[in-house]
Amino acid sequence: MTHKPQIKIPATHMRGGTSKGVFFRLKDLPEACQSPGEARDKLLLRVIGSPDPYQKQIDGMGGATSSTSKTVILAEPTQPDHDVDYLFGQVSIDKPFVDWSGNCGNLTAAVGAFAINSGFVAKDRIPENGTCTVRIWQANIKKTIVAHVPITNGEVQETGDFLLDGVTFPAAEVQVEFMDPADGEGSMFPTGNLVDDLEVPGVGTLKATMINAGIPTIFVNAEDIGYKGTELQDDINSDPAALARFETIRAHGAVKMGLIQNIEEAANRQHTPKVAFAAKPSDYVSSSGKSIGAGDVDVLVRALSMGKLHHAMMGTAAVAIATASAVPGTLVNLAAGGGDRTHVTFGHPSGTLRVGAEAKEVNGQWTATKAIMSRSARVLMEGWVRVPGDSI
């Protein structure tokens, strides 16, 4: 029996925010994988090490969490006045599919650096020292994102003293602006309401704010589902019944938001929408042992990604949190004390995060104009990733 040798593909393993993933240039992929479809999905699954019934991704680059089972493809810009197209693929850990339905806000912080290092940004736009503004077209959601990447001696600066809760070591600060983050094809609140009664069989009728800003997100009150908002990962992820309830809430919310036609479709759309629960500020100890005081935050939020409680906060969900907090009357806004606000500091399992957002009401419809946050990014390894030749 003959076996095809491994093939090698230029790739870079990068951390962006509290996530990490494998980055590719579109032109470096095998020809069959340069277009969307089965060949591309099979390749990325094999690169990451999925599907893995052991849920460890030992035979791939993934880290067996939603934060580390990620892929990015960058290409020449298809839109005017942009530097690069950014396509994100969330790779399922135990199932054979790649979810292309949304963005990864955390990895966006690394896209700017990768775009500069890969030659997508014109040399005359890169200062010798200062900040390079990288104009990113997010192809999954068709939105503009602007990354402000620090430059020292003509090269991307990755080291620094900026600390991000959820990331152990300091690095250089990258400011990321999400322009017009609300869904451009429909209302920012798909149901037309700031708060809905969401009927969930086996759970009950829950107050819910369903918003499409950054990423489609379903917010519920922590106390309505028996939580305090101070929970850490193991409190949720070690409870299969709790995870099943959250998935049921997510599926029924997705139907109400018009993202899927029936709850069965939710199984093949794991990346979106997110489900999160919010609570008023309270003292707690983060996963690193850091004490967070009630006075340190405006609101507490915990969010699930790919069926598990996230160890910190997804960048796109942070945009949703900030935008919801800026709209008086949403559950997030009420938990944060109500009223008008242009920024919010929220507590998550790993610590705190401050995010700014601007929202306005026009003709009875709310829309977000911009959300902004600081992250960091770093190249972990670069070279080639290898996969068996029969992977595609």
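The values are calculated or read from the model by the stated rules, or taken from the named source; none is laboratory data. Computed from a predicted structure; not experimentally measured. Cβ sites come from the backbone with ideal geometry, for glycine too, and all protein chains shown count toward neighbours. Ligands, DNA and RNA are excluded from the accessible area calculation, which covers all protein heavy atoms including side chains. Shrake-Rupley method; radii C 1.70, N 1.55, O 1.52, S 1.80 Å.
So the values come out like this:
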{"read-out": "Heavy-atom accessible surface of segment 280-392: percent carbon and sulfur, 1.4 Å", "value": "47 percent"}
{"read-out": "Residue among GLY89, GLY329, GLY293 with the largest mean-square fluctuation in a Gaussian network model of the chain, springs linking Cα atoms under 10 Å", "value": "GLY293"}
{"read-out": "Per-residue SASA entry for ASP41, accessible area with 1.4 Å probe, Å² rounded to 10", "value": "40 Å²"}
{"read-out": "Calculated from backbone phi, Karplus (6.51, -1.76, 1.60) coupling profile of segment 62-74 in Hz, x at Gly/Pro", "value": "x, x, 6, 9, 5, 6, 10, 9, 9, 9, 9, 10, 10"}
{"read-out": "Radius of gyration and maximum dimension Dmax of segment 14-143, Cα, Å", "value": "14.9, 49"}
{"read-out": "Positive-end residue of THR65, SER376, ALA32, charge dipole of the chain with Cβ unit charges", "value": "ALA32"}
{"read-out": "Förster-model FRET efficiency, 22 Å R0, LYS4 and GLU382, C-beta, rounded to 0.05", "value": "0.30"}
{"read-out": "Between 0 and 90°, nearest 10: helix 38-48 axis offset from the chain longest Cα axis", "value": "80 degrees"}
{"read-out": "Hypothetical label at THR345: residues of segment 284-308 whose amide nitrogen lies under 15 Å (7 Å Cα-Cβ projection)", "value": "284, 291-301"}
{"read-out": "Positive-end residue of ILE260, SER187, GLY154, charge dipole of segment 151-275 with Cβ unit charges", "value": "ILE260"}
{"read-out": "DSSP beta bridges in the chain [antiparallel fraction, %, rounded to 5]", "value": "85 percent"}
{"read-out": "Correct option for Rg/Rh (Cα atoms, Kirkwood Rh) [calculated from the coordinates] among (1) 0.96; (2) 0.93; (3) 1.06", "value": "(1)"}
{"read-out": "Rounded tilt (10° steps) of 240-256 against the dominant C-alpha axis of the chain", "value": "90 degrees"}
{"read-out": "Qualifying lysines (Cα of each under 18 Å from Cα of LYS256; at least 8 residues distant if same chain)", "value": "LYS207, LYS274"}
{"read-out": "q = 0.12, 0.15 Å⁻¹: log10 I(q)/I(0) that the Debye formula gives for segment 217-342, counting C-alpha atoms only", "value": "-0.44, -0.69"}
{"read-out": "Paramagnetic label zone (point 7 Å from Cα along Cα-to-C-beta, LYS228; backbone N under 19 Å) in segment 251-293", "value": "277-293"}
{"read-out": "Calculated FRET efficiency for the pair GLU128/PHE169, C-beta based, R₀ 35 Å, to 0.05", "value": "0.85"}
{"read-out": "Alpha carbon centroid spacing (whole Å) that separates segment 203-263 from segment 144-175", "value": "32 Å"}
{"read-out": "Top of ALA371, ALA241, ALA139 by mean-square fluctuation, Gaussian network on the chain, Cα under 10 Å", "value": "ALA241"}
{"read-out": "Helix-only CD estimate at 222 nm, as mean residue ellipticity for the chain, using -39500 (n - 2.57) per DSSP H run (n ≥ 4)", "value": "-4500 deg cm²/dmol"}
